[in-house]
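Before any comments, here is the structure.
Computed from the coordinates by the stated procedures, all read-outs in this text should not be read as laboratory data. All values reported here derive from a predicted model rather than from experimental measurement. Cβ sites come from the backbone with ideal geometry, for glycine too, and all protein chains shown count toward neighbours.
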Ligand SMILES: Cc1cc2nc3c(=O)[nH]c(=O)nc-3n(C[C@H](O)[C@H](O)[C@H](O)COP(=O)(O)OP(=O)(O)OC[C@H]3O[C@@H](n4cnc5c(N)ncnc54)[C@H](O)[C@@H]3O)c2cc1C
């Protein structure tokens with residue numbers, strides 16, 4: 001009999017170590033540098049970050065999203081999920097543990113589709129935490145609809161020449177290379193006519209026009225966000241820069257985004273738990289109108305509803321992680337990943353909103369992390385595809401089951417079906433009437 005909900009003691013000991021380490025050593029970095037972008041070559045930050053990374057390696061907890069052949073521990077998605085719940089509490093923890101987006105997904109596709117040469121040049125230093133990467137797919141005129149992409153790559157002798165604009169390429173400025181998606185064959189559908197390229201960020205013609213900040217972040221005065229608007233202006237790369245086969249970009253993107261989506265959800269469980277912890281601590285410590293907040297019924301409702309939502313969400317995330325471990329194929333659990341993706345923004349919204357409300361004015365201040373969590377709500381509804389598109393994926397897959405096996409409720413030929421049901425149970429019905 002399956003359906004086991006406990007964690008084996010050996011891994012629980014690791015989780016306990018992660019929990020204490022994140023609370024004591026990593027969360028203080030959020031207070032110091034919550035809004036800083038980590039640059040791997042920034043010597044000042046590295047003096048603090050590198051020894052912490054080493055302690056994670058010593059505990060065999062580095063890059064746990066990867067299998068042992070790639071330098072990870074191969075713990076699988078369920079254990080990764082339990083770990084990510086803790087790492088989600090801190091902005092810096094995924095960096096210290098070598099599993100931050102977008103590098104995780106980028107590493108995954110190079111490992112999957114890269115040549116030996118590409119792995120040596122890009123994957124190895126990425127996994128060692130020596131360099132960062134960026135994923136450059138979305139364009140100003142279209143993100144969720146690949147048929148709108150205009151960036152082109154044309155073959156010229158031994159080179160590819162890339163031309164076009166990309167938007168929201170996160171971390172491009174601190175990256176060493178970009179994974180660029182471009183149309184290579186405009187005569188076929190976008191799903192077959194796009195390819196991916198590995199492009200060093202310092203290649204002539206890669207023009208990072210500006211970085212775009214998110215709402216609530218400073219604007220102007222030298223402040224900038226981390227999501228780049230990039231003009232690829234006649235960017236020439238050698239033929240060997242193609243990642244995977246020509247025309248394979250869409251399939252590769254699905255591999256990358258499947259993992260990325262569920263990893264975001266795992267970390268969001270941690271964010272929601274932290275918002276709920278803060279809500280409870282505040283409810284127990286704040287006195288108003290004759291009692292602590294915890295004694296007010298509406299605050300109790302906030303806590304109960306948040307706990308119930310979080311438990312549902314967490315179990316669903318763990319279930320999907322278990323499914324991925326079983327099938328080893330994101331495509332087989334696409335609809336469940338999509339359903340979790342939709343829930344991620346919704347549950348985050350509900351729990352963070354209640355936590356802010358219980359904190360009063362302090363909740364909307366920049367002295368607590370709740371404002372940052374609140375800003376993540378719309379981000380989670382958009383990154384790796386808008387919620388609406390994921391709902392379509394879920395509905396289509398669910399409807400397929402009914403198309404394959406119709407008749408759950410007899411709306412067709414109802415009188416005949418009713419008569420058949422009566423005949424089936426005639427003896428019992430007669431008995432019942434006789435006893436009335
Ligand atoms: C913080 C952040 C980081 C990001 N990082 C990256 C990155 O590193 N690399 C990268 O390439 N991209 C990145 N993105 C871009 C992200 O992938 C896109 O925002 C996303 O795919 C949606 O594309 P869009 O913004 O063009 O919105 P659109 O595609 O224009 O969609 C806008 C809205 O239209 C509606 N809509 C769209 N399609 C449908 C539909 N089929 N049915 C119903 N309604 C629909 C939805 O309401 C949707 O939210 C990032 C975005 C954010 C916010």
The distance between the Cα centres of segment 247-317 and segment 53-132, in whole Å, is 24 Å
Length-normalised contact order of segment 251-404, Cα under 8 Å, at least 6 apart, in percent, tallies to 29 percent
Cα convex hull volume per residue for the chain, in Å³, equals 216 Å³
Expressed to one decimal in nm², the mean projection of the alpha carbon convex hull of segment 291-353 is 4.6 nm²
Under the helix-only model (-39500 (n - 2.57) for each DSSP H run of 4 or more, divided by the residues of the chain), the mean residue ellipticity at 222 nm, to 500 deg cm²/dmol, is -16000 deg cm²/dmol
Ordered by fewest other Cβ atoms within 10 Å, a rough proxy for footprinting exposure, 135, 373, 327, 319 read 327, 319, 373, 135
So the FRET efficiency between residue 382 and residue 165, C-beta based with R0 = 25 Å and rounded to 0.05, is 0.85
For the chain, averaging the sequence separation of alpha carbon pairs under 8 Å that lie six or more residues apart and dividing by its residue count, the contact order in percent is 12 percent
Simple SL model, points at 7 angstrom along Cα→Cβ for residue 326 and residue 295; separation in nm is 4.9 nm
Full extension between residue 55 and residue 20 adds, at 0.36 nm per residue less the Cα distance, a length in nm of 11.3 nm
Note: residue 154 to residue 401 extended length (0.36 nm per residue) minus current alpha-carbon separation gives 84.7 nm
Fewest to most Cβ atoms within 10 Å: 279, 215, 375 sort as 215, 375, 279
Placing each pseudo-label 7 Å from Cα in the direction of the beta carbon, residue 233 and residue 416 end up separated by a distance in nanometres of 7.1 nm
The exposure ranking of 176, 241, 355, fewest beta-carbon neighbours within 10 Å first, is 176, 241, 355
